[in-house]
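Shown next, in structure tokens, is the structure this report addresses.
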Amino acid sequence: MSTVRMIQRAVFVLAILLVIVGCAAPAPTVTPTKVPEPTKAVAPAPTTAPASKYSEAPTLAEQVKAGKLPPVDQRLPQNPLVVKAEKIGTYGGTWRMGMTAGTDDPSFYKIFTYEPLVRWNVEWSDIVPNLAEKWEVSKAATEYTFSLRKGVKWSDGKPFTADDIVFWWEDVELNKDLTTAPPSFMLIGGKPGSVTKVDDTTVKFTFPAPNGLFLHNVASANGRSMLNFPKHFAQQYHAKYVEKAKLDADVKAAGFNSWREYFIARVGQPDGGGFGQYSVVGRPMLYAWMTEQPMSGTATQVTFVRNPYYFKVDQNGQQYPYIDRLTYGVYADAAAMLLKATNGEIDLQMRHFNTLPNKAVLFDNQKKGDYSFIDLVQVTSNAVVVHLNLTHKDKALREIFQNKDFRIGLSYAINRKAIIDTVYVSQGTPAQPAPLADTPFYHKQLATQYLEYDVKKANEYLDKVLPKKDANGMRLRADGKPLTFVIEIANSLQDQVDAGNMIAKYFQAVGVNAQAKPEDRSLMYQRKDANDLDAMIWNGEGGLGPMFDPRNFFPYSTESGFAVAWAYWYNGVRDATAEEPPADVKKIMDGFNKAVTQSTFEGQVKAMNEMLQMSADYFFCIGVTTPPLVYGIVKNNMANVPKKMINGWQYPTPAPTNTFAYFFAK
């Protein structure tokens, strides 16, 4: 079986699994296009409509009439992407949402900035064209050549070309001032691929060995940074393109300490995250909406308006999006958002206030708020994962955390049923972070080991590591100092805060003085990336499609909070931030490298399961529970919104359901 056939089959396995967990196929849908055979270009179903049949929003038609915009057929590409809407929409309206300050840029990404070269279809069963209208894959899966949709323009009317993608790779991802290490999906065995401009609308990715999951990664959140750097705009903030004295003056005038900070704040983070791309009015975008009222440290509202150059149309030739404007209120806490929702002042949202304890309040206010519920099927592996920093800068803490008996003891100390009953309203099953049951990657040991709440066992294992205690029964380190550490938790995730407080008390009950510390996510992430934290709590990815995001199974990326320094080394970093892992950890890394370069799906499954066995034996991090069922809310007059959705990060809900086709029914 060819590598590309393997990719196709892997995607369809995901589709079958989603049916198993009860995920209905929502609408609207993209005209289906199968993943291609090697060296065979694949194009979508005929999509070109006569230019005379293209139409646009009245607000844009007025600008054309006033001479402020070119006609719609001149703004669209030669071959606009036709996305069939379940219901033909009407133009107008404002979609109101809420977000938190700090690092809540996923509230933008998951709504409207998911625009990769290729994308998931709605059902998560296929990869379909997007900004690339066709592609070719070499037989060995070492070369991927994409044909860009001709005539696509950034939101300022400038052409989108292969130069923008090459800029992303050569001037952002490979620039040591901006990026510690290139993204993992561009590395094979620690060696980076290359990106070559063939011509203005053709770009080639070449790898030193087979990269069987590259298309999947491009279609997922992993590839979100690739199309985030318009060269004609970004180069004015880049040291390679601006004379040093001028750039230094610009940096100082803008109040930054380095051109790196300046670039990230005005253009974006190398990984595609952050608020940089949303902080400048007029910053070119490829999305359905563009910045109107920018994000800032003091913003109370952020707004986005229709992009007149957006490259998609419906089956009647109407240019998307249907909705005029997105408005995000910036709130200090979820309680304020909940009040807005119950008052009917939020139109569609599935973040922050959609907790299980709040569902009763939202249910009681459905009529008042004129909304209904959306069911969200989770694809993550765990709701709460405790990461002890195995590469801690304090050698004494590092030695303790690296001791597997210590981690086993802490795992036995957690009363998971009490957390599930108290925090998650009895929804969930005790579990370690692991691929979900009924997948080809399910590993029983990894999922179920050390789950019992057993204080006696906890103390037996902890006594092997730290037998001495002080007068208060708290354990002492080998150097005689009291053992104490902080578990950092993002304060925007109330369930994790509540669970973390309970976990800290369970640890204290067996003599481990851990303190839970809720804080802004941006601060927690800064400390994590700098290898400065003791421990942290986050959710577990990799429930479905663990090869796309194996962060909990070995030090794969900076999302592997238990060993960021080892993850830097795995990704090719060779400076003070990286640390070479021990031989047993490198063997696990090699196991994953073997899995992603297999030429058959069966080979990938076999190699991945071998790696998961090694991961289970190592026991990197501690999980609590499978994710509970969650929900969102939607106003009753908002159309083309599926009532049931997959909810994940690699499938960034709800964006793959084509939010540009949502509209307000009259």
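List of remarks:
- Of all residues in segment 153-207, those satisfying the criterion of being within 30 Å of residue 588 (Cα to Cα) and among the β-branched types (Val, Ile, Thr) are 172, 179, 180, 188, 195, 206.
- For segment 158-165, the criterion of being of a type in the set (A, V, I, L, M, F, W, C), farther than 18 Å from residue 237 by Cβ, touching a helix residue (DSSP H, G or I) at 6+ places or on another chain (Cβ under 7 Å) and buried (at least 21 other Cβ atoms within 10 Å of the Cβ) is met by no residue.
- The single residue among 380, 391, 342, 327 that is at pLDDT 95 or above and touching a Pro at 6+ places or on another chain (Cβ under 9 Å) turns out to be 391.
- Among all positions in segment 127-149, there is no residue which is assigned by TED's automatic domain parsing to the domain that holds residue 287, in a helix (DSSP H, G or I), touching a residue at least 12 places away in the same chain (Cβ under 8 Å) and within 24 Å of the chain's Cα centre (by Cα).
- Residue in segment 444-455 that is in contact with a Lys or Arg (Cβ under 8 Å, 6 or more places away or on another chain), part of a helix (DSSP H, G or I) and either buried (at least 21 other Cβ atoms within 10 Å of the Cβ) or outside the structural domain of residue 606 (by TED's automatic domain parsing) (or both) present: no
- If you go through segment 386-416 and keep only what is over 17 Å from residue 465 (Cα atoms), surrounded by 15 or more Cβ atoms within 10 Å (Cβ to Cβ) and charged (D, E, K, R), you end up with just 416.
- In summary, residue 192 fulfils each of the numbered conditions (1) crowded, with 20+ Cβ neighbours inside 10 Å; (2) of a type outside the set (S, T, N, Q); (3) modelled with pLDDT under 95; (4) in contact with a Pro (Cβ under 6 Å, 6 or more places away or on another chain) with the single exception of condition (1).
- Subset of segment 409-424 that is assigned to a helix (DSSP H, G or I) and either polar (S, T, N, Q) or in contact with a Gly (Cβ under 8 Å, 6 or more places away or on another chain) (or both) - its residue that is nearest to residue 458 (Cα to Cα): 411
- Members of segment 475-509 that are within 22 Å of residue 390 (Cβ to Cβ) and part of a loop (DSSP other than H, G, I, E, B): 477, 478, 479, 481, 483
- Taking (1) surrounded by fewer than 19 Cβ atoms within 10 Å (Cβ to Cβ); (2) among the polar types (S, T, N, Q); (3) assigned to a loop (DSSP other than H, G, I, E, B) in turn, residue 269 satisfies each apart from (1).
- Test: residue in segment 589-609 that is touching a helix residue (DSSP H, G or I) at 6+ places or on another chain (Cβ under 7 Å), under 30 Å from residue 496 (Cα atoms) and surrounded by fewer than 21 Cβ atoms within 10 Å (Cβ to Cβ): no
- Positions within segment 599-633 being assigned to a loop (DSSP other than H, G, I, E, B) and under 25 Å from the mean Cα position of the chain (by Cα), in sequence order: 619, 620, 621, 624, 626, 627, 628, 629
The values are calculated or read from the model by the stated rules, or taken from the named source; none is laboratory data. Quantities reported herein were computed from a predicted structural model and do not represent experimental measurements. Note: ideal-geometry Cβ built from the backbone for every residue, glycine included; neighbour counts use all protein chains shown.
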